[in-house]
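Encoded as structure tokens, the structure appears first; notes follow it.
The values are calculated or read from the model by the stated rules, or taken from the named source; none is laboratory data. The structure displayed is predicted, hence computed values, not measured ones. Backbone-built Cβ (ideal geometry, glycine too); neighbour counts: all protein chains shown. We work out accessible area using only protein heavy atoms, side chains counted, and drop any ligands, DNA or RNA first. Shrake-Rupley method; radii C 1.70, N 1.55, O 1.52, S 1.80 Å.
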Amino acid sequence: MNNDDNELLDFSLQQLYEHFSITADKGQVAVRVDKFLFEKLQHSSRNRIQKAADAGFVHVNDKPVKSNYKVRPGDVVCLMLDRPHYDTTITPEAIPLDIVYEDEALMVINKPAGMVVHPGCGNFNGTLINAVAWHMKDVASYDPNDPQVGLVHRIDKDTSGLLVVAKTPEAKTHLGVQFFNKTTHRSYNALVWGNFVEDSGRIEGNIGRDPKDRLRMAVFPPDSETGKPAVTHYKVMERWGYVTLVECVLETGRTHQIRAHMKHIGHPLFADERYGGMEILRGERTASYRQFVNNAFKLCPRQALHARTLGFVHPLTGKQMDFTSPLPDDMEALLEKWRRSYGNSE
């Protein structure tokens, strides 16, 4: 028995828990197991998968394997870790909510920046859904762990603004159909780097996971088989030379859609670190300007994006419901800073 065999034997004595499992289909071509898992796991890097394999945590057909193992048709590939899978049961937490509207069927909530909407990916408490569970804790018919109720759509952790939550399965189905059929109205305010030649425009491009960074989305050609179709309409609201305030209206609702689309056309959102907006991308080469922008980053240290309006047909009454959320203090202060200093820029 060689050293590798000894290591794998030692690993097998650990108490391991299954976190992910997938069976390779009949047409699977031979591919390294680290590459195979990287393509299947959305929130992990290939380096982390390789380290997991080195630690004996990657199993194929109930046996630990190294990163260079070639996956074949019918192989059962599992990620086994030395800790139980985190319990994702949603528990009520006494977290304040800014409820814009509420009735027996739904709630419209104004979410602050910094709040995750749903448990997962390292954020297992303190979410908007935990807060909703607390708000609804005395309503016997509402089960926060029932997927037939709750969130109808999502916005990113560091995006502020309006969300609708369904209280009943009927309301969620009705609202879900509206989102699917693109009959809802959603507009966002965003501060982006750069000036636009035109006053309005349309961005079309499939959105899918960035193969170089699994935490970021990338834009692919509309006629490609990669990603999902996405369309964003934008209109210039104010120009300050080096940055522009735009209104974005979504035709589709993909993950990071506005952030990815704006970066794709060369206008990353201001202070959007993941998409390159936390750097000085436009402006003067002076110390005073650099200081100005750095101070602006401190005023709003997150992507400058706010879900400002939300419109839908009420699932019970059939009436059109339209809501508007004022800009939060951090974005308002950021815009006013640019307005005061560069308000005459065209």
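How many nm separate the modelled label positions at residue 317 and residue 35, each set 7 Å beyond the Cα in the direction of the Cβ?
Placing both labels 7 Å beyond Cα along the Cβ direction yields 5.8 nm.
Tell me which trypsin sites (Lys or Arg not before Pro) from the stretch 174-211 have a DSSP coil assignment and no more than 15 other beta carbons within 10 Å of their own.
Within the stretch 174-211, the qualifying trypsin sites (Lys or Arg not before Pro) (loop, at most 15 other Cβ atoms within 10 Å) are 182.
Using 0.36 nm times the number of residues separating residue 280 and residue 236, minus their current alpha carbon distance, what extension gain do you get? Walk me through the intermediate numbers first.
Details: separation 44, 0.36 × 44 = 15.84 nm, distance 2.07 nm.
Between residue 280 and residue 236, full extension yields an extra 13.8 nm.
Report, please, the projected area of the stretch 178-229 averaged over directions, based on the convex hull of its C-alpha atoms, in nm².
5.7
If I model a spin label as a point 7 Å beyond the Cα along the Cα-Cβ vector, how far apart are those points for residue 204 and residue 333 in nm?
It is 4.2 nm.
For residue 342 paired with residue 23, estimate the spin-label separation in nm (one decimal), with each label point 7 Å from Cα along the Cα-to-Cβ line.
Placing both labels 7 Å beyond Cα along the Cβ direction yields 5.7 nm.
Debye calculation, C-alpha points only, no solvent: report log10 I(q)/I(0) for the chain at q = 0.06, 0.08, 0.10, 0.12 Å⁻¹, in the same order as the q values.
Debye output, listed in q order: -0.29, -0.50, -0.76, -1.01.
Would you mind getting the accessible area per residue of the chain, heavy atoms of the protein chains only, 1.4 Å probe, in Å²?
Details: 17880 Å² over 346 residues.
Computed with neighbouring chains in place, this is 52 Å² per residue.
If you bin every alpha carbon distance in the stretch 200-294 into 5 Å steps from zero, what whole percent lands in each bin?
Histogram of Cα-Cα distances, whole percents per bin: 3, 13, 22, 22, 17, 11, 8, 3, 1, 0.
Would you mind telling me the share, in percent, of accessible area of the chain contributed by carbon and sulfur at probe 1.4 angstrom?
Exposed carbon and sulfur together represent 49 percent of the surface.
Bin width 5 Å, origin at 0, all Cα-Cα pairs of the stretch 271-346: what percent of pairs per bin?
3, 13, 18, 20, 15, 9, 7, 6, 5, 3, 1, 0
Scaled to the compact-protein estimate 2.2 N^0.38 Å, what is the alpha-carbon radius of gyration of the stretch 41-183, rounded to two decimal places?
Against the empirical 2.2 N^0.38 Å value, I get 1.36 for the stretch 41-183.
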